[in-house]
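Readers should treat all values here as calculations from the given coordinates under stated rules, not as data from a laboratory. Just so we're clear, the structure is a prediction, and the values are computed from it rather than from any experiment. Positions of Cβ are generated from backbone atoms using ideal geometry, with glycine treated the same way; all protein chains shown enter the neighbour counts.
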Ligand code: CMP
């Protein structure tokens with residue numbers, strides 16, 4: 001059964017001109033990009049997005065990083081899209097991520113790991129709602145093929 005997930009390319013991916021290559025990988029996999037927008041994330045949005053990491057030693061560094069420049073927000077659709085995207089991006093730490101995965105091929109370190117993808121369907125909806133209106137999220141879900 002198809003589902004949608006929330007993905008975003010981090011500021012260094014945009015800055016380094018990697019958007020095209022990463023989008024191509026997602027499309028080549030057969031996943032469909034249903035929504036996409038360049039966005040300058042506010043501190044409030046970043047803190048909501050990463051609420052589960054609040055209080056951890058890397059939290060401030062993470063928030064500072066994702067608010068340091070424009071990010072590319074995406075909603076991606078496909079069969080088990082959440083799991084498929086997580087496989088495609090690879091392990092959180094790019095040094096440990098397998099070559100052939102997006103982080104394994106383009107990531108520099110655990111902060112500059114180029115891409116984020118929601119880790120469960122519930123988180124995907126929660127994260128989408130930070131950046132897309134209720135109506136947009138509803139329409140995206142209703143359009144799932
Ligand atoms: P992301 O998939 O965006 O979700 C949470 C982010 O926190 C993760 O990618 C990393 O960039 C960051 N992160 C997770 N663990 C650590 C860590 N131990 N040190 C620094 N950053 C981390």
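At a glance:
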read-out: Rounded Å value of the spacing that divides the Cα centres of the range 1-53 and the range 72-120; value: 10 Å
read-out: Protection proxy ranking of 89-95, 128-134 - average other beta-carbon atoms within 10 Å, highest first; value: 89-95, 128-134
read-out: Antiparallel DSSP beta bridges within the chain, percent to nearest 5; value: 95 percent
read-out: Cα principal axis extents for the range 1-85, largest first, Å; value: 36, 29, 18
read-out: FRET efficiency estimate (nearest 0.05) - Cβ-Cβ, residue 108 to residue 24, R0 35 angstrom; value: 0.95
read-out: Helix-only CD estimate at 222 nm, as mean residue ellipticity for the chain, using -39500 (n - 2.57) per DSSP H run (n ≥ 4); value: -12000 deg cm²/dmol
read-out: Mean Cβ count within 10 Å, highest first, over the residues of peptides 96-103, 112-119, 138-145; value: 112-119, 96-103, 138-145
read-out: Rel. contact order, % - alpha carbon contacts under 8 angstrom, at least six apart, the range 1-117; value: 38 percent
read-out: Solution diffusion estimate, µm²/s, Stokes-Einstein, the chain, Kirkwood Rh from C-alpha pairs, 20 °C, viscosity 1.002 mPa s; value: 141 µm²/s
